[in-house]
Amino acid sequence: MLEIADKITGICREPRCFEAILQRLFTDYGLTMNFEQYVLVGSTVRSYLAWLKDTGRVNALFENNMLLWQRI
């Protein structure tokens with residue numbers, strides 16, 4: 001669990017949207033995207049992002065009307 005959290009915070013060194021974070025995770029872990037994986041893994045990643053925000057490791061910001069995540 002902590003390995004994934006660290007991976008996500010590393011991806012968020014620069015502000016990134018959810019889709020870019022998810023794409024990077026799929027690529028780095030050699031996963032194949034399909035609708036079922038998008039929904040399942042996407043839900044899990046959203047939960048990680050919420051937890052990381054609650055624990056002060058990432059910040060959510062809006063830029064050009066897009067929600068971005070960035071490591072603090």
Worksheet entry | Search result, residues across the range 1-13 that are touching a strand residue (DSSP E or B) at 6+ places or on another chain (Cβ under 9 Å) and either over 18 Å from Val39 (Cα atoms) or open to solvent by 30 Å² or more (accessible area, probe 1.4 Å) (or both) | Thr9, Gly10, Ile11, Cys12, Arg13
Worksheet entry | Residue in the range 47-72 that is nearest to Phe18 (Cα to Cα), counting only those that are open to solvent by 90 Å² or more (accessible area, probe 1.4 Å) and of a type outside the set (Phe, Trp, Tyr) | Met66
Item to complete: State all residues of the range 20-42 that are free of Cβ contacts under 8 Å to residues at least 12 places away in the same chain and closer than 17 Å to Ile8 by Cα; if no residue qualifies, say none.
Response: Ala20, Gln23, Thr27, Tyr29, Gly30, Leu31, Leu40
Fill in: Residue list for the range 14-46, filter: assigned to a helix (DSSP H, G or I), over 24 Å from Glu63 (Cβ atoms), among the hydroxyl-bearing types (Ser, Thr, Tyr) and open to solvent by 90 Å² or more (accessible area, probe 1.4 Å)
none
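The values are calculated or read from the model by the stated rules, or taken from the named source; none is laboratory data. This one's a predicted model, so the numbers in the text were calculated from it and none came from an experiment. So basically every Cβ, Gly included, is an ideal-geometry build from the backbone, and we count neighbours across all protein chains shown. With ligands, DNA and RNA removed, areas are computed over all heavy atoms of the protein, side chains included. Shrake-Rupley method; radii C 1.70, N 1.55, O 1.52, S 1.80 Å.
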